[in-house]
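Asks: Below are the structure tokens for one structure; questions will follow.
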Amino acid sequence: MFRFAHIEYLNALYLLPVLVLLYWYLWRKQKKRLNEFAKPAMHRILFPLKSRVKPLVKFGILMFAYVLLVFAIANPQIGSKIEEVKQVGIDVYILLDVSLSMTAQDIKPSRLEKAKHDIAKLIRKLRGDRIGLIVFSGQAYVQIPLTTDYAAANLFLSAVDVSTVPQPGTAIGPAIELAMNSFKKDDDTKKAIIVITDGEDHEGDLDKIIPKAVEKGIQLYAIGLGSPAGVPIPLYDASGKQTGYKKDRYGKVVLTKLDEATLRKIAEEGNGKYYLASNNNNELEEIYKDLAKIEKSEFGATKITDYEDRFYFLLAPAIFLLFLEFFIGNKKSKLIMKLNKSGK
């Protein structure tokens with residue numbers, strides 16, 4: 001299999017037509033000045049040794065060398081060995097609440113930012129486990145399918161905010177159901193779901209969904225974010241500046257309260273644990289310790305494991321062409337001059 005190790009460097013090829021147009025522009029400008037200096041018929045007399053062809057040849061050699069150098073920097077590689085790599089781990093779906101109430105600041109800097117920070121730390125600790133991310137508020141969506149590409153998972157996680165799911169609400173039940181259906185059914189791996197939310201205004205029938213998860217051998221964990229006493233929900237303008245707090249239709253400030261009862265129910269009936277989030281602790285680390293105790297299962301993934309660099313096949317001729325161009329002058333060759341004299 002063929003690939004470029006740094007395919008992004010191929011974007012430098014877009015400069016090629018720009019360089020050609022620049023050369024053509026400078027050539028036209030030089031020619032115009034020569035015509036202003038002397039009539040075209042006088043050029044051969046004034047510049048008898050100047051070659052018309054060699055400048056074009058030199059430029060063509062430089063452009064070809066440039067193309068070869070770009071391809072060499074991109075580092076073409078050939079996969080020389082394909083093998084089945086067995087990975088060992090469990091499957092984990094993290095369900096992250098992105099409703100507006102998650103912007104509350106009873107946990108610093110906010111409930112949502114605290115959750116994202118802890119998820120990122122958990123992802124960095126994973127070794128072999130497949131992780132997925134589902135975001136939810138009034139509806140649930142798969143943000144990251146199950147993957148072992150932790151760098152990509154962190155990239156998608158960083159883009160999550162309260163605008164990711166426009167529907168208001170906190171649909172915990174549908175989010176759990178979506179996670180259950182998103183696990184790979186053919187893999188006999190141990191599975192876990194981690195719900196991170198303030199638990200308010202849950203939608204869906206948890207009494208029916210939780211037993212289904214338990215029946216499939218899925219463990220349910222829950223992390224509660226916020227204060228049971230309630231705090232206001234800040235509002236921000238387009239520039240990120242706070243403009244006030246959310247109010248109801250009567251003009252009263254809305255308070256968002258942590259619904260611990262719902263989250264305890266999910267964890268206890270789902271054979272998992274419930275954790276109350278705090279500013280100083282990382283509850284996901286505690287869950288990771290629990291997950292580490294779960295029996296690991298093998299799942300296979302075919303990978304190209306051995307790539308060999310081939311950049312030198314392009315670099316060597318590029319260097320040769322640059323040396324060649326350096327030693328080509330702009331004067332006519334002696335052979336051409338002799339042929340011209342004999343022709344006369």
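Asks: Take the stretch 256-290 and flag every residue that is closer than 21 Å to I123 by Cβ and among the β-branched types (V, I, T).
Replies: Listed by number, the list holds a single entry, I287.
Asks: I'd like the full set of residues that are over 35 Å from the mean Cα position of the chain (by Cα) and either at positive phi or surrounded by 13 or more Cβ atoms within 10 Å (Cβ to Cβ) (or both), limited to the stretch 1-42.
Replies: Of everything in the stretch 1-42, those that are over 35 Å from the mean Cα position of the chain (by Cα) and either at positive phi or surrounded by 13 or more Cβ atoms within 10 Å (Cβ to Cβ) (or both) turn out to be Y23, W27, L34.
Asks: Specify which of the listed residues (A179, A171) is farther than 23 Å from D290 by Cβ and touching a Phe, Trp or Tyr at 6+ places or on another chain (Cβ under 6 Å).
Replies: Unique residue meeting the criteria: A171.
Each row is one residue, and each column tells you yes or no for (1) within 24 Å of the chain's Cα centre (by Cα); (2) touching a residue at least 60 places away in the same chain (Cβ under 8 Å); (3) over 24 Å from E285 (Cβ atoms); (4) assigned by TED's automatic domain parsing to the domain that holds S99.
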| position | (1), (2), (3), (4) |
| --- | --- |
| D149 | yes, no, no, yes |
| G169 | no, yes, yes, yes |
| I176 | no, yes, no, yes |
| E215 | no, no, yes, yes |
| L225 | no, yes, no, yes |
| K246 | no, yes, yes, yes |
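Asks: Considering the stretch 49-73 alone, what residues qualify as being of a type in the set (F, W, Y) and farther than 13 Å from P317 by Cβ?
Replies: F59 - this is the single residue of the stretch 49-73 that is of a type in the set (F, W, Y) and farther than 13 Å from P317 by Cβ.
Asks: When only residues in the stretch 290-341 that are loosely packed, with under 10 Cβ neighbours inside 10 Å and over 30 Å from F59 (Cα atoms) count, which is modelled with the lowest pLDDT?
Replies: Among residues in the stretch 290-341 that are loosely packed, with under 10 Cβ neighbours inside 10 Å and over 30 Å from F59 (Cα atoms), the one modelled with the lowest pLDDT is T302.
Asks: Could you grab me the full set of residues in the stretch 154-191 that are among the aliphatic types (A, V, I, L, M) and closer than 25 Å to S101 by Cβ?
Replies: L157, A159, V160, V162, V165, A171, I172, A175, I176, L178, A179, M180
Asks: Can you say whether E113 is free of Cβ contacts under 8 Å to residues at least 60 places away in the same chain, more than 20 Å from L225 (Cβ to Cβ) and among the charged types (D, E, K, R), as far as the supplied structure shows?
Replies: no
Asks: Output yes when any residue across the stretch 16-39 is assigned by TED's automatic domain parsing to the domain that holds A65, hydroxyl-bearing (S, T, Y), at pLDDT 85 or above and under 30 Å from Y66 (Cα atoms), and no when none is.
Replies: yes
Asks: How do the strands (runs of 3 or more DSSP E) wholly within the stretch 112-199 filter down when requiring 2 or more residues that are hydroxyl-bearing (S, T, Y): which remain?
Replies: By residue number, 140-147.
Asks: Hey, another quick one. If we only count strands (runs of 3 or more DSSP E) wholly inside the stretch 202-282, which ones have 3 or more residues that are surrounded by 12 or more Cβ atoms within 10 Å (Cβ to Cβ)?
Replies: Per the criteria, 218-224, 234-236, 274-276.
Asks: If you don't mind, another one. Could you please find all residues in the stretch 206-255 being within 30 Å of T189 (Cβ to Cβ) and touching a helix residue (DSSP H, G or I) at 6+ places or on another chain (Cβ under 6 Å)?
Replies: L206, I209, I210, A213, L220, Y221, A222, I223, G224, L225 - these are the residues of the stretch 206-255 that are within 30 Å of T189 (Cβ to Cβ) and touching a helix residue (DSSP H, G or I) at 6+ places or on another chain (Cβ under 6 Å).
Asks: Just the residues that are at pLDDT 80 or above, in a loop (DSSP other than H, G, I, E, B) and touching a strand residue (DSSP E or B) at 6+ places or on another chain (Cβ under 9 Å), please, taken from the stretch 1-15.
Replies: A5
Asks: Mind telling me which of the residues I94, I45, I78 ends up being outside any helix (DSSP H, G or I), among the aliphatic types (A, V, I, L, M) and modelled with pLDDT under 90?
Replies: Criteria check complete, one pass: I78.
Asks: Regarding E283, is this residue in the same structural domain as T197 (by TED's automatic domain parsing) and at pLDDT 85 or above?
Replies: yes
The values are calculated or read from the model by the stated rules, or taken from the named source; none is laboratory data. Just so it is clear, the model here is predicted, and its values are computed rather than measured. FYI the Cβ positions are ideal-geometry reconstructions off the backbone, even for glycines, and counts take in every protein chain you see.
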